[in-house]
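Below: the structure, in structure tokens.
The values are calculated or read from the model by the stated rules, or taken from the named source; none is laboratory data. Small disclaimer: the values here were computed from a predicted structure and weren't measured. Counting neighbours? That spans all protein chains shown, and the Cβs are built from the backbone with ideal geometry, glycine included.
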């Protein structure tokens, strides 16, 4: 049996924060404002995985409590994979898009894919990360925030 889920996340850009995407620190003057490390890519992937397994969403499992304050999203993804596995599923593949006007993400994509594949215990070929701009349009285009979308498949 194969199941699919979709995920989305967005956070505002803010000063004095590290920019973490796909578990990788990205060189930039701004970071993402959030309760955790603000990794919108991993948050979208988590929601896609949870959705495919009909396990709710990221807020249900990792609420804005002291336990999860400033937690690494890589750790949240690891815990999500455990939840999915406990339900009898394995990750098939993940396809994702980061929407950001800046910084240019191409130099970081392979490292993100490697990190995500390792955490989800899948082959590199099972993880796709793409980056898009919005040509100066919308909140991402005007550099107010960064968004991410993800689709995941689970296999039983």
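So the values come out like this:
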| item | result |
| --- | --- |
| Filter result for residue 119 (in contact with a strand residue (DSSP E or B) (Cβ under 9 Å, 6 or more places away or on another chain), in a helix (DSSP H, G or I) and touching a residue at least 60 places away in the same chain (Cβ under 8 Å)) | no |
| Filtered residues of the stretch 122-131 (kept if assigned to a strand (DSSP E or B) and loosely packed, with under 15 Cβ neighbours inside 10 Å) | 130 |
| Only one of 48, 14 that is within 14 Å of the chain's Cα centre (by Cα) and under 22 Å from residue 145 (Cα atoms) | 48 |
| Test result for residue 51, modelled with pLDDT of 95 or more and either touching a strand residue (DSSP E or B) at 6+ places or on another chain (Cβ under 7 Å) or buried (at least 21 other Cβ atoms within 10 Å of the Cβ) (or both) | yes |
| Selection within the stretch 100-114 - outside any loop (DSSP other than H, G, I, E, B) and either in contact with a strand residue (DSSP E or B) (Cβ under 6 Å, 6 or more places away or on another chain) or modelled with pLDDT under 95 (or both) | 108, 109, 111, 112, 113 |
| Conditions (1) outside any helix (DSSP H, G or I); (2) closer than 30 Å to residue 107 by Cβ: number failed by residue 63 | (2) |
| Residues of the stretch 31-42 that turn out to be over 11 Å from residue 96 (Cβ atoms), in contact (Cβ under 8 Å) with a residue 40 or more places away in the chain and touching a strand residue (DSSP E or B) at 6+ places or on another chain (Cβ under 6 Å), as a count | 1 |
| Failed criterion for residue 45 (all others in (1) in a loop (DSSP other than H, G, I, E, B); (2) crowded, with 23+ Cβ neighbours inside 10 Å hold) | (1) |
| Subset of the stretch 84-99 (residues that are in a loop (DSSP other than H, G, I, E, B) and either crowded, with 17+ Cβ neighbours inside 10 Å or touching a helix residue (DSSP H, G or I) at 6+ places or on another chain (Cβ under 9 Å) (or both)) | 89 |
| Residue that is modelled with the lowest pLDDT [pool: residues in the stretch 132-155 that are touching a strand residue (DSSP E or B) at 6+ places or on another chain (Cβ under 9 Å) and assigned to a loop (DSSP other than H, G, I, E, B)] | 134 |
